[in-house]
Amino acid sequence: MVDLRTRFGVILALSLLPIFLYACWLAFDTGRLLPVVYALLSFIFAYGAIWLATNALIFQPLRTIQTISGDFSTGDLTSRIGDLPNAPPRIADLAKAFDSMAENISQREAAMLDSLVEKEILLREIHHRVKNNLQIIISLLNMQERKLKDDAGLSVIRETRTRINAIALVHRGLYEGEDLSVIEMDQFLDRLITELKTGLGTKELGVAIKTNIVDQNLKPDTAIPIALFIVEALTNAIQHGVPNGGNVSIMLMRIDGELVVTVSDDGPGQDTTIKQGTGLKLIKGFARQLSGRISTKNTNGHSVSLILGSEAVEN
């Protein structure tokens with residue numbers, strides 16, 4: 001706007017310059033300075049009058065349009081120009097066109113927000129129903145468990161129930177969270193590990209579980225395999241690492257740009273035949289699903305880590 005006014009002022013001055021030059025020639029021709037004074041005063045008066053008129057009729061309406069459009073572009077969808085008194089027809093038409101455009105955009109924005117809210121409610125309901133259906137499956141497994149007397153069958157049902165419960169907790173975390181696209185891993189894993197303690201009977205076995213979970217949000221497709229990895233690794237640690245009591249540590253942290261999930265125990269270590277069971281096969285499957293890798297250590301107890309590159313955990 002300042003640049004436009006400067007250019008306009010230069011054009012106005014150049015347009016009045018011939019009057020001043022004529023007065024200077026007349027004064028030189030007659031030898032009198034009075035025409036120059038009259039011309040200079042006329043020049044100043046005309047310049048000022050035209051400047052004030054153009055400011056009121058052109059620049060002031062343009063400043064109003066600029067201010068309102070700036071407010072609208074920064075998110076104030078209620079901004080409207082309205083009537084511009086004394087504005088030229090072209091500028092008035094520009095203001096009306098802007099108001100019409102702003103009204104259409106506001107209506108579309110409101111419709112999109114309503115649609116988004118409706119879809120979010122439906123998506124939360126879907127996650128809620130999935131969780132409820134998984135809880136029904138868990139209840140059916142509980143009924144079957146009460147009918148079985150075989151220890152091997154009971155163990156399989158309990159492990160299956162624990163895995164299904166981990167998935168159910170992910171869906172619960174989604175519909176209870178503020179953002180449907182991510183899982184808050186610190187809260188989710190705290191809830192999961194609490195339920196695993198009860199399901200695996202850690203108190204009765206004398207097993208203490210310590211956690212170190214960073215505040216990390218992950219997509220559900222990443223959170224579910226990580227949760228199942230923890231279920232398998234924790235179950236394996238309790239059954240084979242510290243079956244007579246001990247300590248198990250669960251960590252989720254960022255190390256050198258990678259996300260590392262580690263489950264370790266302070267038992268005597270696990271032999272090769274145990275480590276090659278179903279649990280480790282599932283753990284390796286979760287790593288392949290997330291394009292990660294598995295690292296194990298068998299000194300001073302046993303630990304297994306799931307390591308994911310930064311590209312695997314981008315939100």
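The values are calculated or read from the model by the stated rules, or taken from the named source; none is laboratory data. The structure presented is a predicted model; accordingly, all values stated were derived computationally and were not measured. As a convention, Cβ positions derive from the backbone with ideal geometry for all residues, glycine included, and neighbour counts pool all protein chains shown.
Identify all residues within region 87-99 that are surrounded by 11 or more Cβ atoms within 10 Å (Cβ to Cβ) and either of a type outside the set (Phe, Trp, Tyr) or in contact (Cβ under 8 Å) with a residue 60 or more places away in the chain (or both); write none if there are none.
Going residue by residue through region 87-99, those that are surrounded by 11 or more Cβ atoms within 10 Å (Cβ to Cβ) are 87-88, 91-99.
The answer is ALA87, PRO88, ILE91, ALA92, ASP93, LEU94, ALA95, LYS96, ALA97, ASP99.
For LEU192, which of the numbered conditions (1) within 16 Å of LEU306 (Cβ to Cβ); (2) assigned by TED's automatic domain parsing to the domain that holds HIS302; (3) free of Cβ contacts under 8 Å to residues at least 40 places away in the same chain fails to hold?
(2) is the only condition that LEU192 fails.
How do the pairs read when you match residues in region 46-73 that are surrounded by fewer than 16 Cβ atoms within 10 Å (Cβ to Cβ) with residues anywhere that are modelled with pLDDT of 80 or more, using Cβ under 6 Å and keeping only pairs 6 or more apart or on different chains?
Cβ pairs passing all conditions: ASP71/SER79.
Residue-by-condition table, conditions (1) touching a helix residue (DSSP H, G or I) at 6+ places or on another chain (Cβ under 9 Å); (2) hydrophobic (A, V, I, L, M, F, W, C):
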| site | (1), (2) |
| --- | --- |
| GLN107 | no, no |
| VAL117 | no, yes |
| GLU120 | no, no |
| GLN135 | yes, no |
| LYS147 | no, no |
| ARG158 | yes, no |
| TYR175 | yes, no |
| ASP179 | no, no |
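If a residue counts only when it is touching an Asp or Glu at 6+ places or on another chain (Cβ under 8 Å), which helices (runs of 4 or more DSSP H) contained entirely in region 157-268 have at least 1 such residues?
Values: elements: 185-200, 202-205, 220-236.
Fully inside region 157-268 and qualifying: 185-200, 220-236.
How many residues are modelled with pLDDT of 85 or more and β-branched (Val, Ile, Thr) if we restrict to region 83-120?
1
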